[in-house]
1. Could you tell me whether residue A:304 is buried (at least 21 other Cβ atoms within 10 Å of the Cβ), under 17 Å from residue A:197 (Cα atoms) and either modelled with pLDDT of 90 or more or more than 14 Å from every other protein chain (Cβ to nearest Cβ) (or both)?
2. From the list A:11, A:65, which residue is surrounded by 16 or more Cβ atoms within 10 Å (Cβ to Cβ), within 14 Å of chain B (Cβ to nearest Cβ) and either at pLDDT 95 or above or closer than 30 Å to residue B:236 by Cα (or both)?
3. Checking residue C:162 against (1) facing chain B (nearest Cβ under 9 Å); (2) in a helix (DSSP H, G or I); (3) closer than 30 Å to residue C:9 by Cα, which single condition isn't satisfied?
4. Do the conditions hold for residue A:77, that is, is it within 14 Å of chain B (Cβ to nearest Cβ), closer than 16 Å to residue B:71 by Cβ, in contact with a helix residue (DSSP H, G or I) (Cβ under 9 Å, 6 or more places away or on another chain) and touching a residue at least 60 places away in the same chain (Cβ under 8 Å)?
5. Scan the stretch A:317-334 and tell me whether some residue there is more than 14 Å from chain B (Cβ to nearest Cβ), free of Cβ contacts under 8 Å to residues at least 24 places away in the same chain and farther than 19 Å from residue A:176 by Cα.
6. In this structure, does residue A:331 turn out to be within 26 Å of residue A:78 (Cα to Cα), touching a helix residue (DSSP H, G or I) at 6+ places or on another chain (Cβ under 7 Å) and modelled with pLDDT of 95 or more?
7. What tally of residues in the stretch B:157-203 results from selecting those that are in a loop (DSSP other than H, G, I, E, B), farther than 20 Å from residue B:109 by Cα and in contact with a helix residue (DSSP H, G or I) (Cβ under 7 Å, 6 or more places away or on another chain)?
8. Is it the case that some residue within the stretch C:200-210 is within 28 Å of residue C:22 (Cα to Cα) and modelled with pLDDT of 95 or more?
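The values are calculated or read from the model by the stated rules, or taken from the named source; none is laboratory data. Bear in mind that the values here come from a model prediction, so they are computed numbers and not experimental data. Heads up, the Cβs are rebuilt from the backbone with ideal geometry, glycines too, and the neighbour counts pull from every protein chain shown.
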């Protein structure tokens, strides 16, 4: 008989390789005024950040700024790890918890406060205690809903426990939206998330019947816009942005019961090819005009105190001075994420 | 002769008859020369295999021996901590179990559904045979992602099936057919069926219409012909189809990810999460190595089974 | 092993495939007596295998009846017909041993295990393969596989034995041995047998009667000698054996299948022929090449004829244009006066050979000529 031999590829291996291999380097050095390569989030972030910050920076300094896109912070870390001996990237904008990992691995460089004077304008919450790059954007967890099929918009996270079954999309841990929701839930029932998270987990378990998917695909914004899910938890900046893009079909709520911040830091790469241009860019990114421009463009909250947003922008972003902010220790969280993920699977999601 | 004339086989050829391929070049000592030439022909493939498979797997194995330090930092070391972490955690045993159950479920369903199709395609004397075979495997022309979204459109809460059921009043709330193991499995079965059909068609070589006719002429009813002749003779094809779908299913990522709703925990999705969310590369690599071992075990079992069929 | 002797009759059996203009089998009638071995002989596409498959139940007829022992079997499924069939490819089950192959039909008949075992043993002994009972078909030679297929078909004591080109996959030597073996077993068991072949030697050697099929109809159904000596049509004459055709210019019936036939080449002769020929148009004399005598012109020795020379028979001059030597026969092609070529098969004689270019004389015996008509 004819025996068919099957070549078996290690699927696991290919997934890992895909996760690390993507993302190209910046171009060759532009000799005239120098260049700087900035690694950051792809798609909407890339487009808006280029328009609001990179273009203005180029105009002001004559330095060519190249945006190198990546799908998420983990992919950025993968790229930094893979070229740690010979980096092509100068600046990275990534989630603070992943930045902590990169710092621990020695991939990022400390900043000299004298060369980056704008760092001192960053609010307390956004400072790095060890002198590494500070926060460059703040974002916060919101609820989004479909304005056409939902007649009574939710006002707070606790309202999600009252919505119809099978109508909510929640990105569960290890996604940090799920982590942030857990912290907010603990806060709401008066528990300290660093002491005992079980009460919050029990409360979240009651939410399970309402949840349609714990892994919104392709993302929460699309599911809600096309009414596959009626509610979701999401990040404010994209929610505001897609609310405009969808012509109002997607509605974003600033929840009354607590604000959880997601922090993107801006960091210089250790041994980067263009260190001067890198510091120049970081300083510019923390300037009032850059912070205001990006806030107006995509509703990320500024991280500096010396900026005044126009009213129509200010009402759609959360201020780091807001009293209802629930602070999250993302450095502490980095080591707890696996444990929380497992608690979610056991007690919240189920089989 | 009539169109129904039986195909002419070569039953006289004993297994030992299959002679060696003729030497490529005449002349003295051509046997050893031929061997070297054959080896030389293999070199491009071997280099490709080395670069694209063996080295990455070795790198992955090396990675699995590292440790996951505080703040997610990668610690270069030689340690089996990640394997210990996986194998001592009942959750990961559950994940391995889920993966195997899904693989078996998909393989079984795909084989059961593909078998009649493959049998028909092998037997048909229609002049459209080529077109029919092409149609059966045409879904491969569409990406698995597109077909997965197609299934979301069918199985979703506002999908085709639920819309019909709701409209007919059969159900009051939509059935949950998406965002769980059920939806992932259904979509995966359909996505993998062309592979099992192809594997079966190529594995049905021993099936000859004359054998079934002979069984019939000897008094076997249609059912007996199937159980005594057709089924045993197509068993190797069934095994191949089963194995192919099984390995593709246990390594499938896109469909369980898009249709699992975060409720399907299998090795591929866990590897992805550990690699890209938790950033625990050593653990992700250890899981990938375990998946490789599972592959290897099943291929070993398959070859045993096929050998047994061939002999017994 | 024994056999209940059966009588087979085909009545108006027809098979027309969809989307074809002419039927593959065109309303044929055939009567096979108890214990007879009948060969269906014809070229590819003549409908012989289609006929056999309809009898076996592997193919549904478009019209007509298949009557075995007075009962019409059309509509009876293959597995209930109780016939034994040997396929061209033998169709041995590759996943079963020789014994399991032979026992398959008995198992389907739900016979007790002991009886199955005994009868398998007996059937294998009949074909002298009892020592190979535990082998698999792939480990057997072609001839051995053929015998297993025969044993498997016969062990169920079939009403009819059907053989579909059973010897075509064997080499020439083995084929002749198997012919005798099949014939002997068939005669011993007395199983009524229908046998499909395209090989005239096989049919002439083995069959009690031969049905020559051509374009879906039976051109002639007769014992081998009659087929050869008294072909019903030009097709039969050419298909079985070699034939010279000498076109008739005038035919006068004399009654009782005798005719007075004139031709340009031979003048006027009185010969036997197919009954009912009325006109010379398309009628021709059939003369077998080995029944002709030939001598070098001017030689006094008698021409070498199958029999002895008939005084007063026609003698035709000619010239050898081709000569092929095959050991015991030399095949000559001779140009004769009316522009025709005559084939002559001459038994070889030591030290006497005609060569290309030799002027010769050909002698005809009128009794060896047979008149066939337009059909």
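1. For residue A:304, the condition - buried (at least 21 other Cβ atoms within 10 Å of the Cβ), under 17 Å from residue A:197 (Cα atoms) and either modelled with pLDDT of 90 or more or more than 14 Å from every other protein chain (Cβ to nearest Cβ) (or both) - is not met.
2. The unique qualifying residue is A:11.
3. Failed condition: (2).
4. no
5. yes
6. no
7. Looking only at that region, the number is 4.
8. Yes.
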